[in-house]
Amino acid sequence: MGSPERIGVFGGTFDPIHNTHIAVARAALAQRRVSRVVFVVSARPPHKHEGPYAAPEERYAMVAAAVAGQAGMAASRLELDRRGPSYTVDTLAAFARDCPGAALALILGMDSLIDLPTWRDPEGILARAHILVVPRPGTWDIPASLDGHYDVLDFEETTLSSTEIRERIAAGEPIDELVPPGVGRLICERRIYG
């Protein structure tokens, strides 16, 4: 009997998804931390007070375009099709139900890891998934309650953000080097950010 499938659950607003998101998924796959990465597009993240700026279907279309042809990556509508706020604990419960026997890894940036104890049912999250953390620049005070529940992905720290990409679009600056080609085309064709 083989080892269980290892699914990396990578959630976010992806407003827009960019090259760093794809690079994180590639790193998790290359380091054999997971056997596939599922990008879960958030409908209404309860902890974000601004945005999202693009409509849910636009963000899903961008994620689908970004992962098209990428081995081991897929886009998920799970949170878009579920009513109410997008709680991570509910998403992980759905993955556990739909993929029995799979080992779940929740992919988070270091900034999100620090906030995890304030999320809905953090104990439920930690019971369902191991955390795979993406390093971010700076020094972080990680709560002791998370000890043993996470590993840090070997990944070069970056400051690129979706906010920066939206600002570049607003300023009329090119984003071709920052987003997958299919995402850039969608943003341009649909005038997603104005």
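For the reader, a short list of remarks on this structure follows.
- Residue among ARG59, ARG33 that alone is in a helix (DSSP H, G or I), in contact with an Asp or Glu (Cβ under 8 Å, 6 or more places away or on another chain) and buried (at least 18 other Cβ atoms within 10 Å of the Cβ): ARG59
- Filtered by the rule that a residue be out of contact with any Gly (no Cβ under 7 Å at 6 or more places or on another chain) and more than 9 Å from VAL41 (Cβ to Cβ), segment 65-85 gives VAL67, GLY69, GLN70, ALA71, GLY72, MET73, ALA74, ASP81, ARG82, ARG83, GLY84, PRO85.
- Looking only at segment 89-124, and only at residues there that are among the aliphatic types (A, V, I, L, M) and over 15 Å from the mean Cα position of the chain (by Cα), the one that is nearest to GLU79 (Cα to Cα): ALA94
- Apart from one condition, PRO180 fits all of (1) surrounded by 12 or more Cβ atoms within 10 Å (Cβ to Cβ); (2) farther than 21 Å from VAL67 by Cα; (3) touching a helix residue (DSSP H, G or I) at 6+ places or on another chain (Cβ under 9 Å); the exception is (2).
- All positions within segment 131-151 that are closer than 22 Å to VAL34 by Cβ and loosely packed, with under 13 Cβ neighbours inside 10 Å: ASP147, GLY148
- Segment 29-53: number of residues that are of a type in the set (Gly, Ala, Ser) and at pLDDT 95 or above: 2
- Segments classed as strands (runs of 3 or more DSSP E), wholly inside segment 78-194, with at least 1 members that are within 26 Å of ALA30 (Cα to Cα) and touching a Phe, Trp or Tyr at 6+ places or on another chain (Cβ under 8 Å): 103-109, 129-134
- Residues located in segment 123-139, provided they are touching a helix residue (DSSP H, G or I) at 6+ places or on another chain (Cβ under 7 Å), closer than 21 Å to GLU157 by Cβ and of a type in the set (Val, Ile, Thr): ILE131, VAL133, VAL134
- Residues satisfying the stated conditions in segment 80-92, i.e. buried (at least 16 other Cβ atoms within 10 Å of the Cβ) and farther than 11 Å from VAL9 by Cβ: LEU80, SER86, TYR87, VAL89, ASP90
- Residue match in segment 10-19 (condition: surrounded by fewer than 21 Cβ atoms within 10 Å (Cβ to Cβ), of a type outside the set (Val, Ile, Thr) and not in a helix (DSSP H, G or I)): no
- Taking first residues from segment 50-62 that are touching a residue at least 40 places away in the same chain (Cβ under 8 Å) and partners that are in a helix (DSSP H, G or I), the Cβ contacts under 7 Å between residues at least 6 apart in sequence or on separate chains come to TYR53/ARG166; GLU58/ARG190; ALA61/LEU186; MET62/VAL183; MET62/LEU186.
- For segment 147-160, filtering for residues that are within 21 Å of GLN70 (Cβ to Cβ) and free of Cβ contacts under 8 Å to residues at least 40 places away in the same chain leaves 1.
The values are calculated or read from the model by the stated rules, or taken from the named source; none is laboratory data. Here the structure is a predicted model, which is why all the values come from computation and not from measurement. Note that each Cβ is placed from the backbone with ideal geometry, even for glycine, and that neighbours are counted across all protein chains shown.
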